[in-house]
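Coordinate-derived values only; no laboratory data. Predicted model, so just to flag it, every value in this text is computed and none were measured. Reconstructed Cβ throughout: ideal geometry from the backbone, glycine too, with neighbour counts over all protein chains shown.
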Amino acid sequence: MSTVPGTGDQADTLRQMARTAKSNTKTDSPSGLSDPQGIRVISVTSGKGGVGKSNVVSNLAIALSAQGKKVLLIDADLGLGNLDVLLGLSPVYNLNHVLNGEKSIIDILIDGPAGIKIIPAGSGIQELTSLGQHEKLKLLDELDMLEEQFDIMIVDTEAGISENVTYFTVAAQEIFVVVTPEPTSITDVYALIKLLATRYSEHHFKVLVNMAKDSEEALEVFRKLANVAGRFLDISLDYLGCVVKDEKVVEAVKRQKAVTELFPDSEAAQCFNTLAKRVIENKRQSRIKGNIQFFFRRMLDTAGGN
């Protein structure tokens, strides 16, 4: 898979020159702009539906924001996005309006709990494949405005192993996979990891176990996955942590609120707080895969078949 086509080299160089000049004119102001290393892009994915992935994404984002990080969520389930529904939000515009030129990225951002920002999903992957080079560059230029406003971008992919999943996952700097103790979930996550490793040369994954009875069960799930992967794949799996099964999560979903917001003292909310601390403390990987522009460039180039 081609990640940076030669036709974009000149545009990339001009953008980098502009970004460097812009950074050189900045002073140390208390504006709260993001890490000078750039935004951290995390893709959260799963092998199957029904594992609570979007719920994990929204609650983790809120927990990260509560710990001082500026967080941007992108609902990358194009056509079936549900982050807005989970959080009781009603977006007027979505990513599709940006792709067809009606709105800018800034126009479609919506406010979520605890200060997080959300880019709502579009309406179909076909919109990505129809973009010309001019439209792609316009979108990438707009994204430059977001880079300085956020510390972390979390991408909520759709479930499964479709091309849509790979578009967003292989472009991210870090890949979190969500798995539950169900055998089918473990099997499907392994299939996803295998696809990303063998076809897209992804070798580093962080595993989050959701809906575990307790931490011991979660560790056992991770061990099973790690044992199988260790036998057949040349990858590294890191245990990120777990979220225990909690009826407060079910109640929060019914009320279209995040459990971290509605029941901050619940067991599940405490798990998300611990996860957020671990994410912050984990040293980020080498930034070979670039920034937010590079994330979208890889996704768009793959969608366009370049």
Exercise. So, in nm, how far is label Asp265 from label Asn100 when the simple model puts each one 7 Å beyond its Cα toward the Cβ?
Worked result: 4.9
For this session: Scan around Ile39 for amide H atoms under 5 Å from its own, H built in the peptide plane at 1.01 Å from N, and keep only partners 5 or more places away or cross-chain.
Result: Ile292
Exercise. Most exposed first by the Cβ proxy, i.e. fewest other Cβ within 10 Å, how do Glu267, Glu102, Glu174 rank?
Worked result: Glu102, Glu267, Glu174
Exercise. Between Met145 and Lys224, 0.36 nm times their residue separation minus their Cα-Cα distance comes to what?
Worked result: 24.2 nm
For this session: Going by C-beta contacts inside 10 Å, put Glu217, Glu148 in order with the fewest on the left.
Result: Glu217, Glu148
For this session: Please find the FRET efficiency linking Ser236 to Thr184, where r is the Cβ-Cβ separation and R0 is fixed at 22 Å, and quote it to the nearest 0.05.
Result: 0.35
For this session: Give me the number: length gained by fully extending Ser90 to Glu247, i.e. 0.36 nm times residue separation minus the C-alpha to C-alpha distance, one decimal in nm.
Result: 54.0 nm
Problem set entry | Proxy reagent accessibility, fewest Cβ within 10 Å first, across Ile186, Ile152 | Ile186, Ile152
